[in-house]
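K.L.:
Before I ask anything, here is the structure I am working with.
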Amino acid sequence: MADLSLDLCGVKLKNPIIAASGTFGFGREYGRFYDLSELGGICCKGLTLCRREGNPPPRIAETPMGILNSVGLQNPGVESFIENDLPWLLTKNVAVIANITGTSVEQYVQMAERLAGTGVHLLEMNISCPNVHEGGVAFGVKPESVYAITKAVKAAAKQPLIVKLTPNVSDITENALAAEEAGANAISMINTLTGIAVDTNKRKMVLANNTGGLSGPAVRPVALRMVWQSAKKVHIPIIGMGGIETGEDAAAFMLCGAKAVMVGTANFTDPFACPRIIRELDAYCDRQNVRSAQELVGTLEENG
């Protein structure tokens, strides 16, 4: 068996497989299927300062090789999470990552401050949300806004800060560099690609919110390319995600430069996806005569 363990920003993980935010809730449902301590980490459902009911239905649409979602960040709010979910999670012997989001820099800072004194191991900052002070343009679109919000939240955070990057930009490496320069401890990529689904019989949009985020195997080639490009530019760890369904998918992201990976949409079709991927990654390392999975990181051989 290979050594799958790693150090992620000073936090020890048993393996590089992390359940992705928005696809795993707070772990309770999946905890009925297997021991959550098998995982490297759990990235919790995106949190906001106050409770959110999310978007009206329909807010999920199936697409070839993936899904479109427009859930709208439905969540109980950070105070409810700290009181009702975090104590249970902290008994599971797994790294807990709190995903935070907001519509202003001030909200993100408040979230970081509120979580600072808790047992959360890492923060993941979702900057794909609209900045109300900038006319609704997402924080993660421009390098200067990535830099500004990362710097502000990093100053307030006590835990290592992961910045989750949107792929809906012209050059994701510019935003990766901006996050690193502002003090981010790691970056995660990619968030969903914006898309629509059309009901041709009704001649209208399928999703009530019109647009949604595309995830699943369809986005994997794009995600791999963006991880590969960014790994050439930044020196902080990258957590890769986007359509990972197997251990070899996870290995592909690591070869492209990801130190760890997050598994999202696969959890919906196979509740045992994460532990299965851990076993498959271990088997892959054995076939490749790799003693430590971290030996894979950034070793992709290029042509030409």
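Rundown of residues vs (1) at pLDDT below 95; (2) open to solvent by 10 Å² or more (accessible area, probe 1.4 Å); (3) over 30 Å from V290 (Cα atoms), yes/no style:
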| site | (1), (2), (3) |
| --- | --- |
| L8 | no, no, no |
| E38 | no, yes, no |
| G41 | no, no, no |
| T48 | no, yes, yes |
| G72 | yes, yes, yes |
| V78 | no, no, yes |
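K.L.:
How many residues are part of a loop (DSSP other than H, G, I, E, B) and of a type in the set (D, E, K, R) if we restrict to segment 52-67?
P.N.:
Residues flagged as part of a loop (DSSP other than H, G, I, E, B) and of a type in the set (D, E, K, R) within segment 52-67 amount to 2.
K.L.:
Looking only at segment 161-211, how many residues end up being open to solvent by 20 Å² or more (accessible area, probe 1.4 Å), assigned to a loop (DSSP other than H, G, I, E, B) and more than 19 Å from N55 (Cα to Cα)?
P.N.:
The number of residues fulfilling the criteria is 10.
K.L.:
Output the number of residues of segment 209-221 satisfying the condition of being of a type in the set (A, V, I, L, M) and either under 14 Å from the mean Cα position of the chain (by Cα) or under 11 Å from N191 (Cα atoms) (or both).
P.N.:
So the answer is 2.
K.L.:
With respect to the numbered conditions (1) within 28 Å of G212 (Cα to Cα); (2) free of Cβ contacts under 8 Å to residues at least 12 places away in the same chain; (3) of a type in the set (D, E, K, R), which one is the sole condition not fulfilled by R51?
P.N.:
(2)
K.L.:
Can you name the number of the only condition in (1) at pLDDT 95 or above; (2) open to solvent by 10 Å² or more (accessible area, probe 1.4 Å); (3) not polar (S, T, N, Q) that G54 fails?
P.N.:
Unmet for G54, out of (1) at pLDDT 95 or above; (2) open to solvent by 10 Å² or more (accessible area, probe 1.4 Å); (3) not polar (S, T, N, Q): (1).
K.L.:
Same structure again: Of all residues in segment 85-131, count the ones that are among the acidic types (D, E) and open to solvent by less than 10 Å² (accessible area, probe 1.4 Å).
P.N.:
Total satisfying the criteria: 1.
K.L.:
Is there any pair with a first residue in segment 274-303 that is within 15 Å of K14 (Cβ to Cβ) and a second that is open to solvent by 30 Å² or more (accessible area, probe 1.4 Å) and modelled with pLDDT under 95 whose Cβ atoms are under 7 Å apart and which are 6 or more apart or on different chains, and what are they?
P.N.:
Correct list of pairs: D282/M1.
K.L.:
Applying the selection to segment 212-221, what residues are touching a strand residue (DSSP E or B) at 6+ places or on another chain (Cβ under 7 Å) and surrounded by fewer than 23 Cβ atoms within 10 Å (Cβ to Cβ)?
P.N.:
Passing the criteria: G213, P217, A218.
K.L.:
Residues that are in a loop (DSSP other than H, G, I, E, B), over 19 Å from the mean Cα position of the chain (by Cα) and farther than 26 Å from A157 by Cα: does segment 39-51 have at least one?
P.N.:
Looking through segment 39-51, none of the residues is in a loop (DSSP other than H, G, I, E, B), over 19 Å from the mean Cα position of the chain (by Cα) and farther than 26 Å from A157 by Cα.
K.L.:
Pairs only if they're at least six apart or on different chains, beta carbon under 6 angstrom, first in segment 92-112 and under 13 Å from R52 (Cβ atoms), second at pLDDT 95 or above and open to solvent by 50 Å² or more (accessible area, probe 1.4 Å); list them, first residue then second.
P.N.:
Hits for this filter: Q107/L49.
K.L.:
Right, here's the next one. Quick check, is G136 outside any helix (DSSP H, G or I), farther than 18 Å from L193 by Cα, open to solvent by 10 Å² or more (accessible area, probe 1.4 Å) and modelled with pLDDT under 95?
P.N.:
When the stated conditions are applied, G136 does not pass them.
K.L.:
Which condition number does G31 fail, the rest of (1) open to solvent by 20 Å² or more (accessible area, probe 1.4 Å); (2) of a type outside the set (S, T, Y); (3) modelled with pLDDT of 95 or more; (4) in a loop (DSSP other than H, G, I, E, B) being met?
P.N.:
(4)
K.L.:
Give A208, A258, A223, A184 a once-over and let me know the one that is touching a Leu at 6+ places or on another chain (Cβ under 8 Å), closer than 28 Å to S70 by Cα and of a type in the set (G, A, S).
P.N.:
A184
K.L.:
Let me ask you something else. For the subset of segment 294-304 comprising residues that are over 21 Å from C43 (Cβ atoms) and not in a loop (DSSP other than H, G, I, E, B), which member is most open to solvent (accessible area, probe 1.4 Å)?
P.N.:
Filtering segment 294-304 for residues that are over 21 Å from C43 (Cβ atoms) and not in a loop (DSSP other than H, G, I, E, B), the one most open to solvent (accessible area, probe 1.4 Å) comes out as E295.
The values are calculated or read from the model by the stated rules, or taken from the named source; none is laboratory data. Bear in mind the structure is a predicted one, so any value in this text is a computation, not a measurement. Neighbour counts run over all protein chains shown; Cβ positions are idealised from the backbone, glycine included. Side chains included, ligands, DNA and RNA excluded: accessible areas come from the protein's heavy atoms. Shrake-Rupley method; radii C 1.70, N 1.55, O 1.52, S 1.80 Å.
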